[in-house]
Amino acid sequence: MSLEEKINQDIKEAMKAKERERLESLRAVKSALLLEKTQKGSSHEISEDAEMKILQKLVKQRKDSAQIYKEQDRSDLADKELAEAGIIEKYLPEQMSDEELTEKVKAIISKVGAQSMADMGKVMGMASKELAGKTDGKAIADKVKALLNS
């Protein structure tokens, strides 16, 4: 079952159960997938990798919005955004732990032969490809910086 089919099925279930927050989150995912499919020049099929990037983008948007709402003392809106992010995250593959990320990034650094921060671009290019969908891009960048500076 494709992600789109799973989302459609879950939308129906959320409607029947009258789960408004879940329904809004799933509709946002469906909308983003539909936009991607109908973009000019697309093949009307979305790769699994592209689906994961879309989901990660939606989660990141909600977390960023929640952060802004918290700074403005709007905890009601921040909680809503975080709840939606949690719902969308369930469709992403299990995220890597900090220890696993450290091991993977160390392996990539040694594979590339990186010595200093000047080599960060090489490491990030490979790490972003290998770890796509498994962890957040910012977490990868932070880990690469920490390991290259040590």
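Computed from the coordinates by the stated procedures, all read-outs in this text should not be read as laboratory data. None of these values were measured; they are calculated from a predicted model. FYI the Cβ positions are ideal-geometry reconstructions off the backbone, even for glycines, and counts take in every protein chain you see.
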* Asked: What list do you get for ASP136, ASP76 if you sort them by fewest beta carbons within 10 Å?
  -> ASP76, ASP136
* trypsin sites (Lys or Arg not before Pro) within the range 90-150, DSSP loop, no more than 15 other Cβ atoms inside 10 Å -> LYS90
* To do: Would you please state the base-10 log of I(q)/I(0) at q = 0.19, 0.22, 0.24, 0.28 1/Å for the range 57-110, with intensities from the Debye formula using one equal scatterer on every alpha carbon?
  => -0.71, -0.79, -0.84, -0.95
* To do: Between LEU147 and ASP79, with labels modelled 7 Å along Cα→Cβ, what's the label distance in nm to one decimal, could you check?
  => 3.9
* Expressed in nm², what is the orientationally averaged projection area of the convex hull enclosing the Cα positions of the range 1-64? -> 4.7
* Value of relative contact order over the range 3-89, rounded to a whole percent, pairs C-alpha under 8 Å and six or more apart -> 29
* Asked: Assuming R0 = 25 Å, what is the FRET efficiency of GLN67 and LYS18, from their Cβ-Cβ distance, to the nearest 0.05?
  -> 0.25
* Quick one: grab Rg to one decimal and Dmax as a whole number for the range 98-149, Cα atoms only, in Å. => 9.5, 27
* For the chain, what is the convex hull (Cα atoms) projected area averaged across all directions, in square nanometres? -> 11.5
* To do: At a Cα cut-off below 23 Å, give the lysines reachable from LYS106, other chains included and same-chain residues fewer than 8 away excluded.
  => LYS122, LYS129, LYS134, LYS138, LYS143, LYS145
* Residue-averaged [θ]222 nm for the chain, counting only DSSP H segments that reach four residues, each worth -39500 (n - 2.57) -> -24500 deg cm²/dmol
* **Rg over Rh [alpha-carbon atoms, Kirkwood Rh] for the range 42-85** => 1.21
* Asked: Using unit Cβ charges (K, R positive; D, E negative) and no other charged atoms, how large, in debye to the nearest 20, is the dipole of the range 1-88 about its Cα centre?
  -> 200
* Given R₀ = 25 Å, FRET efficiency for LYS90-SER43 by Cβ-Cβ distance, to 0.05? -> 0.35
* Structure fact -> Least to most buried among VAL59, VAL29, by other C-beta atoms within 10 Å and fewest first, runs VAL59, VAL29
